[in-house]
1. Once all Cα-Cα distances of region 186-294 are split into 5 Å bins that start at 0, what whole-number percent is in each one?
2. Roughly how compact is region 150-225, stated as its Cα Rg over 2.2 N^0.38 Å to two decimals?
3. For region 334-439, just run the numbers: alpha carbon Rg, then divide by 2.2 N^0.38 Å, N being how many residues it has.
4. In the calculated pair distance distribution of region 80-168, what percentage of Cα-Cα distances lie above 19 Å?
5. Which peptide among 416-423, 290-297, 244-251 comes first, and what is the full order, when sorted by highest mean count of other Cβ atoms within 10 Å?
6. Might you tell me the accessible area per residue for region 182-275, computed with a 1.4 Å probe and given in Å²?
7. If each of Ser413 and Ala248 carries a label point 7 Å out from its Cα toward its Cβ, how far apart are those two points in nm?
8. For region 226-269, what Kirkwood radius comes out of the mean inverse Cα-Cα distance, in Å?
Amino acid sequence: MAQVFPDIPKIKFEGPKSKNPLAFKYYDADRVIMGKPMREHLPFAMAWWHTLVATGTDMFGPGTSDKTFDEKPATMAHARAKVDAGFELMSKLGIEYFCFHDVDLVPESDDINETNQRLDEITDHMLVKMKETGIKCLWGTANMFSNPRFMNGAGSTNSVDVYCFAAAQIKKAIDLTVKLGGKGYVFWGGREGYETLLNTRVKFEQENIAQLMHMAVKYGRSIGFDGTFLIEPKPKEPMKHQYDYDAATAIAFVRQYGLEKDFMMNIEANHATLAGHTFQHDLRIAAINGMLGSVDANQGDLLLGWDTDEFPCNVYDTTLCMYEILNAGGLKVGLNFDAKTRRPSYTMEDLFQAHILGMDSFALGLIKAAALIEDGRVDEFVKERYASFDGELGQKIRGGNATLQELSDRALSMKRPALPGSGRQEYLESVLNDILFGG
Ligand code: XLS
Ligand code: CA
Ligand code: CA
(Lines give C-alpha, C1' and ligand atoms only; values in the text may rest on other atoms or scores of the structure.)
(Ligands and ions follow the chains in the order given, each with its own letter.)
Protein backbone atom coordinates (compact mmCIF):
# COMPACT_ATOMS: atom_id res chain seq x y z
CA MET A 1 0.00 0.00 0.00
CA ALA A 2 1.24 3.52 -0.83
CA GLN A 3 2.39 5.48 2.18
CA VAL A 4 0.31 8.41 3.45
CA PHE A 5 3.42 10.21 4.72
CA PRO A 6 6.13 9.13 2.25
CA ASP A 7 8.45 11.95 3.29
CA ILE A 8 8.48 11.03 6.95
CA PRO A 9 10.85 8.26 7.99
CA LYS A 10 10.47 5.96 10.99
CA ILE A 11 11.37 8.18 13.95
CA LYS A 12 14.42 6.93 15.80
CA PHE A 13 16.14 7.80 19.05
CA GLU A 14 19.30 9.78 18.28
CA GLY A 15 20.05 11.24 21.71
CA PRO A 16 20.22 14.79 23.13
CA LYS A 17 22.97 15.92 20.77
CA SER A 18 20.95 15.23 17.63
CA LYS A 19 19.71 18.24 15.67
CA ASN A 20 17.47 16.11 13.49
CA PRO A 21 13.91 17.48 13.90
CA LEU A 22 12.53 14.05 13.01
CA ALA A 23 14.35 12.13 15.74
CA PHE A 24 13.84 11.54 19.45
CA LYS A 25 16.32 13.23 21.74
CA TYR A 26 15.10 11.63 24.99
CA TYR A 27 12.46 9.02 24.22
CA ASP A 28 14.36 5.77 24.02
CA ALA A 29 11.64 3.12 24.30
CA ASP A 30 13.87 0.35 25.67
CA ARG A 31 15.90 2.43 28.11
CA VAL A 32 15.30 1.14 31.61
CA ILE A 33 14.40 3.71 34.25
CA MET A 34 13.80 2.54 37.82
CA GLY A 35 13.56 -1.04 36.70
CA LYS A 36 11.15 -0.60 33.78
CA PRO A 37 11.61 0.35 30.11
CA MET A 38 10.40 3.80 29.11
CA ARG A 39 7.68 2.34 26.88
CA GLU A 40 6.07 0.76 29.94
CA HIS A 41 6.30 3.90 32.06
CA LEU A 42 4.90 5.92 29.17
CA PRO A 43 2.06 4.10 27.41
CA PHE A 44 1.54 6.90 24.87
CA ALA A 45 -1.65 7.17 22.88
CA MET A 46 -2.63 9.19 19.81
CA ALA A 47 -5.90 11.12 20.12
CA TRP A 48 -7.97 10.29 17.04
CA TRP A 49 -9.90 13.57 17.21
CA HIS A 50 -6.98 15.98 17.22
CA THR A 51 -4.48 14.08 15.14
CA LEU A 52 -6.73 12.70 12.41
CA VAL A 53 -9.79 14.95 12.49
CA ALA A 54 -9.03 18.50 13.67
CA THR A 55 -7.94 20.86 10.93
CA GLY A 56 -7.36 24.02 12.94
CA THR A 57 -10.84 25.52 12.64
CA ASP A 58 -11.46 28.29 15.18
CA MET A 59 -14.16 30.88 15.90
CA PHE A 60 -12.61 33.21 13.37
CA GLY A 61 -11.78 31.00 10.45
CA PRO A 62 -11.78 27.59 8.83
CA GLY A 63 -9.15 24.92 9.09
CA THR A 64 -5.66 25.35 7.73
CA SER A 65 -4.53 21.74 7.78
CA ASP A 66 -5.57 19.32 5.06
CA LYS A 67 -6.68 16.07 6.65
CA THR A 68 -8.63 14.73 3.70
CA PHE A 69 -5.88 12.18 2.98
CA ASP A 70 -6.96 12.37 -0.69
CA GLU A 71 -10.54 11.32 0.02
CA LYS A 72 -13.83 13.20 0.10
CA PRO A 73 -14.61 14.24 3.70
CA ALA A 74 -17.67 12.73 5.39
CA THR A 75 -17.43 9.50 3.41
CA MET A 76 -16.48 6.01 4.53
CA ALA A 77 -13.54 6.14 2.12
CA HIS A 78 -12.29 9.11 4.12
CA ALA A 79 -12.90 7.26 7.40
CA ARG A 80 -10.75 4.39 6.11
CA ALA A 81 -8.07 6.81 4.91
CA LYS A 82 -7.92 8.26 8.42
CA VAL A 83 -7.39 4.77 9.83
CA ASP A 84 -4.55 4.16 7.37
CA ALA A 85 -2.99 7.56 8.12
CA GLY A 86 -3.34 7.03 11.87
CA PHE A 87 -1.71 3.62 11.90
CA GLU A 88 1.13 4.80 9.70
CA LEU A 89 1.70 7.81 11.96
CA MET A 90 1.63 5.72 15.14
CA SER A 91 3.92 3.08 13.65
CA LYS A 92 6.44 5.64 12.50
CA LEU A 93 6.42 7.32 15.92
CA GLY A 94 6.41 4.11 17.93
CA ILE A 95 3.13 5.13 19.63
CA GLU A 96 1.52 1.93 20.86
CA TYR A 97 -2.04 3.08 21.66
CA PHE A 98 -4.87 5.28 20.40
CA CYS A 99 -7.97 6.85 21.96
CA PHE A 100 -11.21 7.63 20.14
CA HIS A 101 -14.72 9.04 20.34
CA ASP A 102 -17.38 7.19 18.32
CA VAL A 103 -17.88 10.05 15.88
CA ASP A 104 -14.15 10.62 15.32
CA LEU A 105 -14.15 7.34 13.45
CA VAL A 106 -16.99 7.76 10.94
CA PRO A 107 -19.26 10.49 9.62
CA GLU A 108 -22.34 10.64 11.83
CA SER A 109 -25.63 9.90 10.04
CA ASP A 110 -29.05 11.36 10.90
CA ASP A 111 -30.07 7.83 11.77
CA ILE A 112 -28.15 6.33 14.68
CA ASN A 113 -28.65 2.83 13.25
CA GLU A 114 -26.68 3.82 10.18
CA THR A 115 -23.94 5.44 12.28
CA ASN A 116 -23.67 2.20 14.23
CA GLN A 117 -23.31 0.16 11.02
CA ARG A 118 -20.54 2.48 9.90
CA LEU A 119 -18.84 2.05 13.25
CA ASP A 120 -18.96 -1.74 12.89
CA GLU A 121 -17.43 -1.49 9.45
CA ILE A 122 -14.60 0.89 10.39
CA THR A 123 -13.67 -1.01 13.53
CA ASP A 124 -13.33 -4.20 11.42
CA HIS A 125 -10.78 -2.30 9.35
CA MET A 126 -9.08 -1.01 12.50
CA LEU A 127 -8.80 -4.53 13.87
CA VAL A 128 -6.93 -5.62 10.76
CA LYS A 129 -4.51 -2.72 11.18
CA MET A 130 -4.11 -3.43 14.89
CA LYS A 131 -3.18 -7.00 14.12
CA GLU A 132 -0.72 -5.91 11.45
CA THR A 133 1.04 -3.34 13.65
CA GLY A 134 0.54 -4.52 17.24
CA ILE A 135 -0.98 -1.11 18.09
CA LYS A 136 -3.69 -1.23 20.76
CA CYS A 137 -6.65 0.79 22.01
CA LEU A 138 -6.05 2.76 25.21
CA TRP A 139 -9.59 3.99 25.75
CA GLY A 140 -12.82 4.75 23.98
CA THR A 141 -15.58 7.23 24.65
CA ALA A 142 -18.82 8.59 23.22
CA ASN A 143 -19.02 12.15 21.96
CA MET A 144 -22.07 13.47 23.80
CA PHE A 145 -21.33 17.14 23.36
CA SER A 146 -21.15 18.01 19.62
CA ASN A 147 -24.53 16.89 18.30
CA PRO A 148 -27.17 19.61 18.95
CA ARG A 149 -29.37 17.06 20.73
CA PHE A 150 -26.92 17.30 23.65
CA MET A 151 -27.22 21.08 24.00
CA ASN A 152 -28.61 20.62 27.52
CA GLY A 153 -26.32 17.76 28.42
CA ALA A 154 -26.42 13.99 27.95
CA GLY A 155 -26.83 12.35 31.37
CA SER A 156 -27.95 15.73 32.68
CA THR A 157 -30.40 16.54 29.89
CA ASN A 158 -33.97 17.63 30.59
CA SER A 159 -35.22 15.34 27.79
CA VAL A 160 -35.79 11.67 28.50
CA ASP A 161 -35.50 10.92 24.76
CA VAL A 162 -32.09 12.57 24.55
CA TYR A 163 -31.11 10.58 27.66
CA CYS A 164 -31.90 7.42 25.67
CA PHE A 165 -29.62 8.60 22.85
CA ALA A 166 -26.85 9.14 25.38
CA ALA A 167 -27.44 5.58 26.61
CA ALA A 168 -27.38 4.25 23.04
CA GLN A 169 -24.11 6.01 22.23
CA ILE A 170 -22.48 4.86 25.46
CA LYS A 171 -23.62 1.28 24.87
CA LYS A 172 -22.21 1.31 21.35
CA ALA A 173 -18.96 3.00 22.40
CA ILE A 174 -18.48 0.37 25.13
CA ASP A 175 -19.17 -2.37 22.55
CA LEU A 176 -16.48 -0.86 20.32
CA THR A 177 -14.02 -0.42 23.18
CA VAL A 178 -14.45 -4.09 24.06
CA LYS A 179 -14.18 -5.10 20.39
CA LEU A 180 -10.89 -3.19 20.14
CA GLY A 181 -9.62 -4.45 23.50
CA GLY A 182 -9.47 -0.98 25.13
CA LYS A 183 -8.03 -0.63 28.63
CA GLY A 184 -10.40 2.11 29.65
CA TYR A 185 -13.72 3.83 28.97
CA VAL A 186 -13.86 7.59 29.58
CA PHE A 187 -16.69 9.88 30.61
CA TRP A 188 -15.90 13.49 29.93
CA GLY A 189 -18.95 15.53 30.87
CA GLY A 190 -18.55 18.33 28.36
CA ARG A 191 -22.13 19.50 28.57
CA GLU A 192 -22.89 17.95 31.95
CA GLY A 193 -23.27 21.21 33.83
CA TYR A 194 -25.25 24.38 33.49
CA GLU A 195 -25.36 27.85 32.05
CA THR A 196 -27.72 29.25 34.71
CA LEU A 197 -29.15 27.87 37.93
CA LEU A 198 -32.41 29.66 37.11
CA ASN A 199 -33.37 26.76 34.82
CA THR A 200 -31.47 23.90 36.43
CA ARG A 201 -32.21 21.13 38.94
CA VAL A 202 -28.66 20.31 39.99
CA LYS A 203 -29.43 17.33 42.24
CA PHE A 204 -31.79 15.77 39.70
CA GLU A 205 -29.19 16.13 36.94
CA GLN A 206 -26.36 14.70 39.00
CA GLU A 207 -28.49 11.72 40.03
CA ASN A 208 -29.32 11.04 36.39
CA ILE A 209 -25.65 11.18 35.38
CA ALA A 210 -24.86 8.69 38.14
CA GLN A 211 -27.65 6.35 36.98
CA LEU A 212 -26.27 6.41 33.46
CA MET A 213 -22.83 5.54 34.81
CA HIS A 214 -24.24 2.67 36.85
CA MET A 215 -26.00 1.36 33.76
CA ALA A 216 -22.75 1.68 31.79
CA VAL A 217 -20.81 -0.29 34.41
CA LYS A 218 -23.48 -2.97 34.58
CA TYR A 219 -23.60 -3.30 30.80
CA GLY A 220 -19.84 -3.15 30.33
CA ARG A 221 -19.18 -5.82 32.93
CA SER A 222 -21.94 -7.99 31.43
CA ILE A 223 -20.19 -8.06 28.04
CA GLY A 224 -16.76 -8.74 29.51
CA PHE A 225 -15.26 -5.26 29.81
CA ASP A 226 -12.76 -5.65 32.63
CA GLY A 227 -10.99 -2.34 32.06
CA THR A 228 -11.27 0.90 34.02
CA PHE A 229 -14.08 3.43 33.78
CA LEU A 230 -12.72 6.94 34.03
CA ILE A 231 -14.07 10.40 34.72
CA GLU A 232 -12.16 13.25 33.14
CA PRO A 233 -12.64 16.38 35.24
CA LYS A 234 -12.90 19.81 33.65
CA PRO A 235 -14.33 22.92 35.29
CA LYS A 236 -15.83 24.78 32.33
CA GLU A 237 -15.96 25.02 28.56
CA PRO A 238 -18.18 24.33 26.80
CA MET A 239 -20.54 24.84 29.78
CA LYS A 240 -20.15 27.76 32.13
CA HIS A 241 -19.98 25.34 35.03
CA GLN A 242 -19.28 21.62 34.67
CA TYR A 243 -20.18 19.16 37.41
CA ASP A 244 -16.85 17.30 37.22
CA TYR A 245 -15.03 20.51 38.13
CA ASP A 246 -11.76 18.97 39.27
CA ALA A 247 -10.41 15.71 40.68
CA ALA A 248 -11.65 16.40 44.22
CA THR A 249 -15.19 17.14 42.99
CA ALA A 250 -15.31 14.15 40.64
CA ILE A 251 -13.99 11.79 43.33
CA ALA A 252 -16.64 13.02 45.77
CA PHE A 253 -19.27 12.40 43.08
CA VAL A 254 -17.99 8.89 42.40
CA ARG A 255 -18.10 8.10 46.13
CA GLN A 256 -21.46 9.75 46.75
CA TYR A 257 -23.08 7.59 44.11
CA GLY A 258 -21.29 4.33 44.92
CA LEU A 259 -19.20 4.16 41.73
CA GLU A 260 -15.77 4.01 43.39
CA LYS A 261 -15.19 0.32 42.73
CA ASP A 262 -15.23 0.82 38.98
CA PHE A 263 -14.09 4.40 38.39
CA MET A 264 -10.75 6.20 38.40
CA MET A 265 -9.73 9.66 37.13
CA ASN A 266 -8.34 10.69 33.77
CA ILE A 267 -6.43 13.86 34.64
CA GLU A 268 -5.83 16.36 31.85
CA ALA A 269 -3.13 18.98 32.41
CA ASN A 270 -5.04 21.77 30.71
CA HIS A 271 -8.23 21.05 32.67
CA ALA A 272 -6.41 21.13 36.00
CA THR A 273 -5.03 24.58 35.22
CA LEU A 274 -8.45 25.80 34.04
CA ALA A 275 -9.74 24.76 37.48
CA GLY A 276 -7.14 27.03 39.06
CA HIS A 277 -4.84 24.18 40.11
CA THR A 278 -1.47 22.97 38.96
CA PHE A 279 -1.41 19.77 36.92
CA GLN A 280 0.55 18.23 39.80
CA HIS A 281 -2.22 19.13 42.25
CA ASP A 282 -4.94 17.21 40.44
CA LEU A 283 -2.61 14.25 39.92
CA ARG A 284 -1.82 14.20 43.65
CA ILE A 285 -5.49 14.41 44.64
CA ALA A 286 -6.36 11.52 42.32
CA ALA A 287 -3.34 9.52 43.53
CA ILE A 288 -3.97 9.89 47.27
CA ASN A 289 -7.48 8.65 46.68
CA GLY A 290 -6.21 5.60 44.76
CA MET A 291 -7.83 6.91 41.58
CA LEU A 292 -4.96 8.03 39.34
CA GLY A 293 -5.98 5.99 36.31
CA SER A 294 -4.90 7.85 33.20
CA VAL A 295 -3.54 11.16 31.96
CA ASP A 296 -4.45 13.42 29.06
CA ALA A 297 -0.96 14.65 28.32
CA ASN A 298 -1.14 18.21 27.07
CA GLN A 299 -0.67 21.71 28.42
CA GLY A 300 -2.63 24.93 28.49
CA ASP A 301 -1.57 28.53 28.04
CA LEU A 302 -1.75 30.23 31.41
CA LEU A 303 -2.28 33.60 29.73
CA LEU A 304 -5.51 32.38 28.14
CA GLY A 305 -8.67 31.35 29.94
CA TRP A 306 -9.64 28.53 27.64
CA ASP A 307 -8.69 25.01 26.68
CA THR A 308 -5.81 25.27 24.22
CA ASP A 309 -4.79 21.58 24.21
CA GLU A 310 -1.15 22.19 23.34
CA PHE A 311 1.43 19.50 22.95
CA PRO A 312 3.40 19.39 26.20
CA CYS A 313 6.80 21.09 26.18
CA ASN A 314 7.10 22.32 29.76
CA VAL A 315 9.60 19.98 31.39
CA TYR A 316 8.99 21.33 34.89
CA ASP A 317 5.41 20.12 34.53
CA THR A 318 6.21 16.80 32.89
CA THR A 319 8.81 16.13 35.60
CA LEU A 320 6.36 16.86 38.40
CA CYS A 321 3.71 14.82 36.60
CA MET A 322 6.02 11.83 36.29
CA TYR A 323 7.09 12.34 39.92
CA GLU A 324 3.45 11.88 40.95
CA ILE A 325 3.00 8.90 38.63
CA LEU A 326 6.18 7.15 39.83
CA ASN A 327 5.23 7.75 43.44
CA ALA A 328 1.76 6.36 42.76
CA GLY A 329 3.32 3.17 41.31
CA GLY A 330 2.43 3.93 37.67
CA LEU A 331 -0.74 4.48 35.67
CA LYS A 332 -3.49 1.90 35.33
CA VAL A 333 -4.33 3.06 31.81
CA GLY A 334 -1.92 5.42 29.99
CA LEU A 335 -0.94 8.82 28.57
CA ASN A 336 -3.08 10.21 25.79
CA PHE A 337 -1.88 13.14 23.69
CA ASP A 338 -5.10 15.13 23.84
CA ALA A 339 -3.28 17.89 22.01
CA LYS A 340 -3.36 19.66 18.68
CA THR A 341 -0.82 21.57 16.64
CA ARG A 342 -1.28 25.35 16.57
CA ARG A 343 -3.36 26.61 13.63
CA PRO A 344 -0.34 27.96 11.73
CA SER A 345 1.50 24.64 12.19
CA TYR A 346 -0.56 22.99 9.51
CA THR A 347 1.81 20.58 7.76
CA MET A 348 2.05 16.85 8.27
CA GLU A 349 5.64 17.33 9.33
CA ASP A 350 4.36 19.62 12.11
CA LEU A 351 2.06 16.83 13.21
CA PHE A 352 4.97 14.43 13.59
CA GLN A 353 7.17 17.01 15.28
CA ALA A 354 4.38 17.80 17.73
CA HIS A 355 4.19 14.16 18.82
CA ILE A 356 8.00 13.98 19.02
CA LEU A 357 7.93 17.07 21.25
CA GLY A 358 5.30 15.50 23.51
CA MET A 359 7.05 12.15 23.74
CA ASP A 360 10.45 13.73 24.37
CA SER A 361 9.03 16.11 26.98
CA PHE A 362 7.51 13.19 28.89
CA ALA A 363 10.61 11.03 28.48
CA LEU A 364 12.74 13.85 29.86
CA GLY A 365 10.19 14.34 32.63
CA LEU A 366 10.44 10.64 33.47
CA ILE A 367 14.26 10.74 33.53
CA LYS A 368 14.25 13.82 35.74
CA ALA A 369 11.50 12.56 38.07
CA ALA A 370 13.43 9.33 38.60
CA ALA A 371 16.56 11.39 39.29
CA LEU A 372 14.62 13.51 41.80
CA ILE A 373 13.45 10.41 43.63
CA GLU A 374 16.89 8.76 43.51
CA ASP A 375 18.53 11.99 44.68
CA GLY A 376 16.30 11.80 47.75
CA ARG A 377 16.75 15.37 49.04
CA VAL A 378 13.13 16.35 48.49
CA ASP A 379 11.67 13.19 50.00
CA GLU A 380 14.11 13.39 52.89
CA PHE A 381 13.06 16.94 53.65
CA VAL A 382 9.37 16.06 53.52
CA LYS A 383 9.95 13.16 55.90
CA GLU A 384 11.82 15.43 58.26
CA ARG A 385 9.11 18.08 57.99
CA TYR A 386 6.51 15.85 59.62
CA ALA A 387 8.92 14.14 62.03
CA SER A 388 7.20 15.62 65.10
CA PHE A 389 4.33 13.23 64.42
CA ASP A 390 6.67 10.23 64.63
CA GLY A 391 6.67 10.30 68.44
CA GLU A 392 4.19 8.72 70.80
CA LEU A 393 1.76 11.62 70.82
CA GLY A 394 1.79 11.97 67.03
CA GLN A 395 1.07 8.27 66.67
CA LYS A 396 -1.77 8.54 69.15
CA ILE A 397 -3.31 11.37 67.11
CA ARG A 398 -2.79 9.55 63.81
CA GLY A 399 -4.33 6.43 65.24
CA GLY A 400 -7.45 8.30 66.28
CA ASN A 401 -6.76 7.69 69.99
CA ALA A 402 -6.19 11.22 71.26
CA THR A 403 -8.78 13.48 72.84
CA LEU A 404 -9.26 17.20 72.46
CA GLN A 405 -8.95 17.54 76.22
CA GLU A 406 -5.53 15.91 76.42
CA LEU A 407 -4.14 17.89 73.47
CA SER A 408 -5.49 21.08 74.97
CA ASP A 409 -3.90 20.23 78.36
CA ARG A 410 -0.56 19.73 76.65
CA ALA A 411 -0.82 23.02 74.78
CA LEU A 412 -1.72 24.91 77.93
CA SER A 413 1.21 23.37 79.79
CA MET A 414 3.58 24.42 76.98
CA LYS A 415 2.24 27.99 77.04
CA ARG A 416 3.46 28.55 73.45
CA PRO A 417 4.84 26.15 70.83
CA ALA A 418 8.15 26.41 69.04
CA LEU A 419 7.74 27.62 65.44
CA PRO A 420 6.96 24.64 63.22
CA GLY A 421 10.12 24.64 61.08
CA SER A 422 10.83 26.31 57.79
CA GLY A 423 9.02 25.09 54.67
CA ARG A 424 12.28 25.61 52.76
CA GLN A 425 10.44 26.09 49.49
CA GLU A 426 13.27 28.04 47.85
CA TYR A 427 15.76 25.35 48.81
CA LEU A 428 13.52 22.64 47.36
CA GLU A 429 13.05 24.64 44.17
CA SER A 430 16.80 24.94 43.83
CA VAL A 431 17.11 21.16 44.28
CA LEU A 432 14.61 20.74 41.47
CA ASN A 433 16.60 23.12 39.26
CA ASP A 434 19.75 21.25 40.13
CA ILE A 435 18.16 17.98 39.02
CA LEU A 436 16.81 19.59 35.85
CA PHE A 437 19.80 21.63 34.79
CA GLY A 438 22.75 20.69 37.00
CA GLY A 439 25.68 18.80 35.56
C1 XLS B 1 -12.31 18.11 25.94
C2 XLS B 1 -11.90 16.82 26.45
C3 XLS B 1 -12.22 15.63 25.55
C4 XLS B 1 -12.09 14.34 26.31
C5 XLS B 1 -12.75 13.17 25.66
O6 XLS B 1 -11.95 19.16 26.45
O7 XLS B 1 -10.52 16.88 26.73
O8 XLS B 1 -11.44 15.64 24.40
O9 XLS B 1 -10.76 14.01 26.56
O10 XLS B 1 -14.08 13.40 25.40
CA1 CA C 1 -9.12 15.35 27.37
CA1 CA D 1 -8.63 19.89 26.87
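The values are calculated or read from the model by the stated rules, or taken from the named source; none is laboratory data. Nothing here was measured: the structure is a model prediction, and the numbers come from that model. No Cβ is skipped: glycine too gets one built from the backbone with ideal geometry, and neighbour counts run over all protein chains shown. Remember, those area values only see protein heavy atoms, side chains included, never the ligands or the DNA or RNA. Shrake-Rupley method; radii C 1.70, N 1.55, O 1.52, S 1.80 Å.
1. 2, 13, 23, 24, 19, 12, 5, 1, 0
2. In units of the globular-protein estimate, region 150-225 measures up at 1.16.
3. In units of the globular-protein estimate, region 334-439 measures up at 1.81.
4. Cα-Cα pairs in region 80-168 separated by more than 19 Å: 46 percent.
5. By packing density, highest mean first, the sequence is 290-297, 244-251, 416-423.
6. Result: 43 Å² per residue.
7. About 3.6 nm separates the two model spin labels.
8. Computed over region 226-269, the radius equals 10.7 Å.
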